[in-house]
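Only the coordinates and a few stated rules stand behind these numbers; no lab work does. Keep in mind the model is a prediction, meaning the values are calculated, not measured. In this analysis, Cβ positions are derived from the backbone assuming ideal geometry, glycine residues included, and neighbour counts consider all displayed protein chains.
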Amino acid sequence: MDNNLARAMAALTTGIYVLTVRDERRCHGMSSSWVAQVSGEPVLFTAAVDNAHFSNGVIAKTGVFGMNVVGRRGKELEDYFYSARAHREDNLEGIEFELSPALQVPWLKLAMVAIEARVVDSRVAGDHTIFVGAPVGVRVGESDRALTSLDLDYVYLGGKEVFRRDRVGGN
């Protein structure tokens, strides 16, 4: 990706989330910033997941996932799930979570909001699959301000591409 296109994509402000899945005994989480509400009635949101990522296969197989909104007080979630330490199938060891009541997906205790969702549609879009989720249950934690891509020193652009922000420019 050329530098101007990378800067343009990095300028798209996004929230910071951790998508969670459960496959038999394995529980897994992944950092995600490509999440958006797409319908008000019924309420639907999308999450884009890399086609090669472990979570993609689990979501396609089970038809459910958790979406955990990371607040500023929970930034350690983003730090962990974006790190190499989290690149394993059963990566919730040491992270406090509970299984959601209806769909039994992991809800992270540090998340400011957690949603359990059922997949109602999906579309492959390039190297990612866009899963359309319908909320089934919600847990609202402590009041916090949602972490956004502007709070991070980097922005994920897909694949192995990461845009590093120039802190001198005020970002």
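Numbers below:
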read-out: Shape category assigned to region 3-165 from the gyration tensor of Cα positions, a/c cut at 1.5; value: rounded
read-out: Distribution of pairwise C-alpha distances over region 22-73, 5 Å bins, in %; value: 4, 16, 27, 24, 17, 10, 2
read-out: Environment charge at VAL58 (Cβ cut-off 13 Å; Lys +1, Arg +1, Asp -1, Glu -1); value: -1
read-out: Charge tally in the Cβ shell below 14 Å around HIS28, where Lys, Arg are +1 and Asp, Glu are -1, HIS28 excluded; value: 0
read-out: Simple Cβ-charge dipole of the chain, Lys/Arg +1 and Asp/Glu -1, about Cα centre, in debye nearest 20; value: 120
read-out: Farthest toward positive dipole pole in region 3-165 [+1 Lys/Arg, -1 Asp/Glu at C-beta], among ASN3, ASN51, ALA111; value: ASN3
read-out: Relative contact order for region 3-165, counting Cα pairs under 8 Å that sit 6 or more residues apart, in percent; value: 27
read-out: Distance between region 78-153 and region 10-64 - C-alpha centres, whole angstrom; value: 7
read-out: Label-point separation, ARG123 to ARG85 (7 Å along Cα→Cβ), nm; value: 3.8
